[in-house]
Amino acid sequence: MVRNIFMLAALLASAAQADTLYVRAGRLIDTEHGIVLTDRLIRIENGRVAAVTPFTPPPAGAQLVDWASYTVLPGLIDMHVHLADTEETSDVAEPLFHSQEDIAYLGARHARETLMAGFTTVHDVGCFRAFADVALRDAINRGDVIGPRMSAVGAYITIPGGGGEVTGFAPDVKVPDDMRVGVVTDAADTVRKVNYLFQNGADSIKLIATGAVLAQGTEPGQQELTEDEMRAAVQVAAARGSWVTAHAHGAAGIKSAMRAGVKSIEHASLIDDEGIAMAKAKGVYLDMDIYNGDWIDEVGKRDHWPADILRKNDDTTEAQREGFRKAVKAGVKLTFGTDAGVYPHGLNARQFKYMVRYGMTPMQAIQAATVTSAELLNWSRDVGALSPGHYADMVAVAADPLKDISALEHIDHVMKGGDLVR
Ligand SMILES: [Zn+2]
């Protein structure tokens, strides 16, 4: 009997050991406190961080990932990606060249590229084929597809012909129904459509409050959804314990969305001083994609994108960067969102050097892409930091990103939930 109990205990111990993993971090960026720790041992149990201590050799026979010569930080978070869609091209009809099945496979590739670049969590803020993002999220969670943890919005809430529509066609051309699931005409319609998105698996809601740079015939500076429509969306989301973000370029649309109660603003390109003060006072997060304007300019000119789109890109790029600089100075909460999909997935980290160029310290830029973005997602207990309880989502870089933030463009290793994926 005693012998059997002993054997059982030994079996249990070895089973526990199988799910225990150690990581030695030469330098560990503590994103919660904004400091760097040296030579740490991270104990991981069942995919989550169990303890972080000064390094001492782990028990004999334990599984150890030796990153003694690396800087280790939490897996990065991009709050503005479009995984389940085609990448941007010169043709506004591009979304119509791809079936739902094609989009699913493209999404799987984009998810893998994003994860390999060190982004272990993303907020996917919309796809033209409704719920392609939800299906991708579920496939990743089942383990069928390799990719980051995804928070999905299901579809864009937009006005007819607005910034969230596939636009630019003759009036008698019919766009597929699944590309128009989030089109709303008034506040009551917004309540119905937002509920429909939640019923079908959306985690949060994305409003298109103003026109968009890349949607033909819409103007970034012009408000599209009314404040009543946006407030209706916020109320439905709140009742479900969720939240709303608003795509808004123009100053009036930005302020209207904030008055309606959104938790964050995407782009915020033409934000004015009053808008910055309002974001600060209300605690609204700004998710400003200050890199991709350069990409659109370079590739757009090379590939002859429509003149209308290049002009709108010029109108928003530098203005947005100046707004970002002011927002940093004012102490507004800033997340890391890039609009990957406008440029190729996997290049997300290119935005870091712009965030530093426009006023952040490297540590602030890293915190934007970890703790602050986790907070906006309501996922602070799971991601964005490597203190006990968080998923063992981490990246390792040989170069020091606090000396040169562009080091994050070349991630050497990626771990997600304790699995070494790169
Ligand atoms: Zn976008």
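The values are calculated or read from the model by the stated rules, or taken from the named source; none is laboratory data. The shown structure was predicted, so the numbers you read here are calculated from the model rather than taken from an experiment. With ideal geometry, Cβ positions are generated from the backbone for all residues, glycine too; neighbour counts draw on all protein chains shown. Quick note on the areas: whole protein, heavy atoms, side chains included, nothing else; ligands and nucleic acids left out. Shrake-Rupley method; radii C 1.70, N 1.55, O 1.52, S 1.80 Å.
Label-point separation (nm) for residue 100 and residue 195, each offset 7 Å from Cα along Cα-to-Cβ?
The answer from the label model is 2.3 nm.
Set the Förster distance to 25 Å, then compute FRET efficiency between residue 378 and residue 307 from the Cβ-Cβ distance, nearest 0.05. Intermediate results must be reported in sequence, preceding the final value.
On the way: r = 41 Å, r/R0 = 1.65.
It comes to 0.05.
Express the carbon and sulfur contribution to the solvent-accessible surface of the chain as a percent, rounded to the nearest whole number, probe 1.4 angstrom. Walk me through the numbers before you get to the answer.
Numbers: 8910 of 16840 Å².
For the chain, the apolar C and S fraction of the accessible surface comes to 53 percent.
Would you compute, from DSSP H runs of 4+ residues alone, the mean residue ellipticity of the chain at 222 nm, taking -39500 (n - 2.57) per run and dividing by the full residue count, rounded to the nearest 500? Can you show the working numbers first?
Values: 12 runs with 144 residues, N = 422.
My calculation for the chain gives -10500 deg cm²/dmol from helical runs alone.
If we count every other residue with Cβ under 9 angstrom of residue 24's Cβ, Lys/Arg +1 and Asp/Glu -1, where does the sum land? The partial results should precede the final answer.
Numbers: positive: 40; negative: 39, 66.
Net of charged neighbours comes to -1.
Which of 374, 407, 392 moves most in a GNM of the chain, Cα contacts under 10 Å?
Top of the fluctuation ranking is 407.
Apply the Karplus curve 6.51 cos²θ - 1.76 cosθ + 1.60, θ = phi - 60°, to the phi angles in region 93-103 and return the couplings in whole Hz, x for Gly and Pro.
Once rounded to whole Hz, the list reads 8, 3, x, 7, 8, 10, 6, 4, 5, 4, 4.
Rank these residues by their accessible area, most exposed first, probe 1.4 Å: 412, 400, 66, 124. Don't skip to the end; give the middle numbers.
On the way: 412 60, 400 30, 66 90, 124 0 Å².
Descending accessible area places them as 66, 412, 400, 124.
Of 174/263; 255/333; 206/282; 206/263, which ones are farther than 22 Å apart at the Cα?
Numbers: 174/263 34 Å; 255/333 16 Å; 206/282 19 Å; 206/263 11 Å.
The pairs that break the limit, which is 22 Å between Cα atoms, are 174/263.
Starting from the eigenvalues of the Cα gyration tensor, five times each then square-rooted, give me the equivalent ellipsoid semi-axes of region 81-203, largest first, whole Å. Intermediate values should be presented prior to the final figure.
Numbers: eigenvalues 122, 65, 24 Å².
Semi-axis lengths for region 81-203 are 25, 18, 11 Å.
At 1.4 Å probe size, with no ligands or nucleic acids counted, give the accessible surface of residue 231 in Å², nearest ten.
That residue has around 80 Å² of solvent-accessible surface.
Relative contact order for region 291-415: what percent, with Cα pairs under 8 Å and sequence separation of 6 or more?
On the way: 126 pairs, mean separation 25.8, N = 125.
Over region 291-415, the number comes to 21 percent.
Using alpha-carbon positions, what is the distance between the centroids of region 100-151 and region 265-326, in Å?
If we compute the Cα centre of each part, the gap is 25 Å.
Report the net charge of residues surrounding residue 219, where surrounding means a beta-carbon distance below 15 angstrom and charges are Lys +1, Arg +1, Asp -1, Glu -1. Walk me through the intermediate numbers first.
On the way: positive: 311, 312; negative: 165, 224, 308, 314, 315.
It works out to a net charge of -3.
In the full protein assembly as shown, how much of residue 409 is accessible to a 1.4 Å probe, in Å² to the nearest 10?
60
Over the chain, give the accessible area per residue in Å² for a 1.4 Å probe, as an integer.
Working: 16840 Å² over 422 residues.
Spelled out: the 1.4 Å probe surface of the chain, per residue, equals 40 Å².
Per residue of region 75-87, what does 6.51 cos²θ - 1.76 cosθ + 1.60 with θ = phi - 60° give for ³J(HN,Hα)? Whole Hz please, x for Gly and Pro, Karplus curve as stated.
Whole-Hz 3J(HN,Hα) from phi for region 75-87: x, 7, 10, 10, 8, 8, 10, 10, 6, 8, 7, 6, 6.
Against the globular-protein guess of 2.2 N^0.38 Å, express the Cα radius of gyration of the chain as a ratio, rounded to two decimals.
Numbers: Rg = 22.2 Å, N = 422, 2.2 N^0.38 = 21.9 Å.
Ratio of Cα Rg to 2.2 N^0.38 Å: 1.01.
Arrange the residues 287, 419, 172, 138 by how much accessible surface each exposes, largest first, with a 1.4 angstrom probe.
Values: 287 0, 419 100, 172 135, 138 55 Å².
I get 172, 419, 138, 287, largest accessible area first.
List the chymotrypsin sites (Phe, Trp or Tyr not before Pro) in region 127-197 that DSSP assigns to loop (not H, G, I, E or B) and whose Cβ has at most 15 other Cβ atoms within 10 Å. Which are they?
Values: sites: 128, 131, 156, 169, 196; in loops: 128, 131, 169.
Listed in order of number, the matching sites are 169.
Ignoring everything but the protein chains, give the 1.4 Å probe accessible area of residue 35 in square angstrom, nearest 10.
We get 80 Å² for residue 35.
What is the local net charge at residue 208, summed over the other residues whose Cβ is closer than 11 Å to its Cβ (Lys, Arg +1; Asp, Glu -1)? Walk me through the intermediate numbers first.
Details: positive: 206; negative: 165, 224, 229, 266.
Result for the local shell: -3.
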